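Trainee: Sharing a structure below in structure tokens format, with a few things to ask.
The values are calculated or read from the model by the stated rules, or taken from the named source; none is laboratory data. Being a predicted model, the structure only gives us computed values, none of them experimental. Glycine also receives a Cβ, built like all others from the backbone with ideal geometry; neighbour counts cover every protein chain displayed. The area values use the complete protein model at the heavy-atom level, side chains included, leaving out ligands, DNA and RNA. Shrake-Rupley method; radii C 1.70, N 1.55, O 1.52, S 1.80 Å.
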Amino acid sequence: MNDTQVTLVGYVATQIDYKETVNGPSARFRFAVTPRYYDRRKEAWTDGFTSFYTVRARRTLAVNLAGSVAVGEPLVVHGRLRVREDPPDGEGHRWVSAEIDATAVGHDLNRGTAAFRRVVKTDTPLMDTQKAAVV
């Protein structure tokens, strides 16, 4: 398979949109990546333009994302890059979007600490347990 594999380092820009589908759990969120570079003229670090990606996850990764990640947290995302170009709208504008089908996601430990908890497989999905505890 000739997929483009990418690894991105950035921040969670939106809440995790978690859904149960007929094909299993699914999660989606927007991810912001802002490059930094040293500007020799200003003699200071400068932010470049921020790129936004839609990250999609399925099955166990989706469930674990929904229970582990919040807006603003630094992540490392690895997966398949999908670039989609929509047809021109009524004004002739073309939209290009980049999506990542995530295969692995983790907190960026250069920016903080994390406490890993292994998920014990049970008959009850993790999300159902959390909902039952809230009710």
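Trainee: Of the conditions (1) open to solvent by 90 Å² or more (accessible area, probe 1.4 Å); (2) over 15 Å from Gly106 (Cβ atoms); (3) modelled with pLDDT of 95 or more, Lys42 fails just one. Which one is it?
Mentor: Of everything listed in (1) open to solvent by 90 Å² or more (accessible area, probe 1.4 Å); (2) over 15 Å from Gly106 (Cβ atoms); (3) modelled with pLDDT of 95 or more, Lys42 misses just condition (3).
Trainee: Could you grab me the full set of residues in segment 102-115 that are touching a residue at least 12 places away in the same chain (Cβ under 8 Å), out of contact with any His (no Cβ under 9 Å at 6 or more places or on another chain) and either open to solvent by 50 Å² or more (accessible area, probe 1.4 Å) or closer than 16 Å to Val33 by Cα (or both)?
Mentor: So the first thing to find is which residues in segment 102-115 are touching a residue at least 12 places away in the same chain (Cβ under 8 Å), and the list is 102-108, 110-112.
Narrowing further to those that are out of contact with any His (no Cβ under 9 Å at 6 or more places or on another chain): 107-108, 110-112.
Passing the criteria: His107, Asp108, Asn110, Arg111.
Trainee: Could you list all residues from segment 1-19 that are modelled with pLDDT under 95 and of a type in the set (D, E, K, R)?
Mentor: If the condition is that a residue be modelled with pLDDT under 95 and of a type in the set (D, E, K, R), then Asp3 is the only one that fits.
Trainee: Identify the single condition in (1) of a type in the set (Asp, Glu); (2) loosely packed, with under 10 Cβ neighbours inside 10 Å; (3) touching a Phe, Trp or Tyr at 6+ places or on another chain (Cβ under 7 Å) that Asp89 does not satisfy, given that it satisfies every other one.
Mentor: So the condition that Asp89 fails would be (3).
Listed here are the residues, each with its yes/no results for (1) open to solvent by 90 Å² or more (accessible area, probe 1.4 Å); (2) aliphatic (A, V, I, L, M); (3) farther than 17 Å from Ala104 by Cα.
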residue	(1), (2), (3)
Thr4	no, no, no
Gly10	no, no, no
Gln15	yes, no, yes
Pro35	no, no, yes
Tyr38	yes, no, yes
Val77	no, yes, no
